[in-house]
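A.B. asks: The following block contains the structure, expressed as structure tokens.
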Amino acid sequence: VNLYFLEKANNHTINLNNLLNDLIDISMIETGEMRLSFRYFAIAEYLKDIVQEFFPLAESKNLKLILHPIRKGLKLYADREKLKQVMSNLIQNAIKYTETGTIEISVEEEDKYSKISVSDSGIGIPEDDIDRIFERFYRVDKARSRDVGGTGLGLAIAKHIIEAHNSKIEVRSQLNKGTEFFFRLKK
Ligand code: ATP
Ligand code: MG
């Protein structure tokens, strides 16, 4: 058996599966069928597990992936699965659109909220595009994103999920310097 082709086929299957799941999510969102299930849970362990899943991908690009220390016992009120989807997309994006340097995930405690942020030292987002990146299927430029796959649904789904938590997702970016996505959730 030719392992090269098996691996290719496997990768295509994974991509197709991801695309189908994104399309299902978007249609659920648009028909108002997305239901959230809120829980209180400890955020430190939760993020550690999510970030760990991305170590191999980050390592394959020689990027540092850092989760800054989070107070033990800090809890969030959120839908665990949906929040995981948001975090995974943000971390995956950060890795995809960064050639050298560091991806950092941090949680800053405020009064009643915690601010969660994913920042990178990557290619950044041009000012003209920044208002559009949360639209479905929007990708900054096909040439720069072609080789890294994706359909441009990730941020549209993330935005909706964060809004369903009564919050908003925000972005700051500097071309060729890096990008930060952040949002606040109830403690
Ligand atoms: P998908 O998430 O569906 O696999 P995608 O990553 O292209 O595909 P989104 O996650 O919605 O789609 O992101 C939309 C676009 O925003 C990306 O194509 C990219 O151009 C830009 N973008 C997102 N995150 C970053 C980032 N951290 N740095 C630079 N550009 C980004
Ligand atoms: Mg994405």
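A.B. asks: Once you sort the root eigenvalues of the Cα gyration tensor of segment 22-98 as a ≥ b ≥ c, which label holds: rounded (a/c under 1.5), prolate (a/b larger than b/c) or oblate (the other case)? Show your work: numbers first, answer last.
C.D. replies: Details: a/c = 3.38, a/b = 1.23, b/c = 2.75.
Oblate is the answer for segment 22-98, as a/c is 1.5 or above yet b/c matches or exceeds a/b.
A.B. asks: For the chain, take the longest principal axis of its alpha carbons; what is the angle in degrees between that and the long axis of helix 43-52, to the nearest 10 within 0 to 90?
C.D. replies: Between helix and principal axis, roughly 10 degrees.
A.B. asks: Using Cα springs under 10 Å in a Gaussian network model of the chain, which residue among His68, His165, His12 shows the largest mean-square fluctuation?
C.D. replies: His12
A.B. asks: Compute the accessible area per residue over segment 29-187, keeping the other protein chains in place, probe 1.4 Å, unit Å².
C.D. replies: Values: 8990 Å² over 159 residues.
Result: 57 Å² of accessible area for each residue.
A.B. asks: Still on this structure, please answer the following. Holding the Cα-Cα limit at 25 Å, pick out from Lys72/Lys159; Lys64/Lys168; Lys96/Lys168; Lys82/Lys115; Lys48/Lys115 the pairs that are longer than that. Mind dumping the intermediate values first?
C.D. replies: Working: Lys72/Lys159 28 Å; Lys64/Lys168 27 Å; Lys96/Lys168 23 Å; Lys82/Lys115 17 Å; Lys48/Lys115 16 Å.
From the list (Lys72/Lys159; Lys64/Lys168; Lys96/Lys168; Lys82/Lys115; Lys48/Lys115), the Cα-Cα distance tops 25 Å for Lys72/Lys159; Lys64/Lys168.
A.B. asks: A follow-up question, please. Compute the helix-to-body angle for 154-164: its Cα long axis versus the longest principal axis of the chain, expressed 0 to 90° and rounded to tens.
C.D. replies: In the chain, helix 154-164 runs at an angle near 20 degrees to the longest axis.
A.B. asks: What part of the accessible area of the chain, given as a whole %, is carbon or sulfur when the probe is 1.4 angstrom?
C.D. replies: On the way: 5670 of 11390 Å².
Taking all protein chains in place, the chain shows 50 percent carbon and sulfur surface.
A.B. asks: What percent does the relative contact order of the chain come to when contacts are Cα pairs within less than 8 Å and at least six residues apart? Write out the running numbers ahead of the final one.
C.D. replies: Details: 291 pairs, mean separation 41.5, N = 187.
Once normalised by length, the contact order is 22 percent.
A.B. asks: Under 12 Å from the 7 Å Cα→Cβ point of Asp129, by amide nitrogen: which residues of segment 95-118?
C.D. replies: 97-98
A.B. asks: Report, to the nearest 10°, how far helix 80-96 tilts away from the longest principal axis of the Cα atoms in the chain, using its own Cα long axis and a range of 0 to 90°.
C.D. replies: Computed tilt is about 50 degrees.
A.B. asks: Taking only DSSP H segments of four or more residues, each worth -39500 (n - 2.57), what value at 222 nm results for the chain once the sum is divided by all its residues, to the nearest 500 deg cm²/dmol? Walk me through the numbers before you get to the answer.
C.D. replies: Values: 7 runs with 81 residues, N = 187.
Value at 222 nm, helices only, nearest 500: -13500 deg cm²/dmol.
The values are calculated or read from the model by the stated rules, or taken from the named source; none is laboratory data. Everything quoted here is computed from the prediction, not taken from an experiment. No Cβ is skipped: glycine too gets one built from the backbone with ideal geometry, and neighbour counts run over all protein chains shown. Remember, those area values only see protein heavy atoms, side chains included, never the ligands or the DNA or RNA. Shrake-Rupley method; radii C 1.70, N 1.55, O 1.52, S 1.80 Å.
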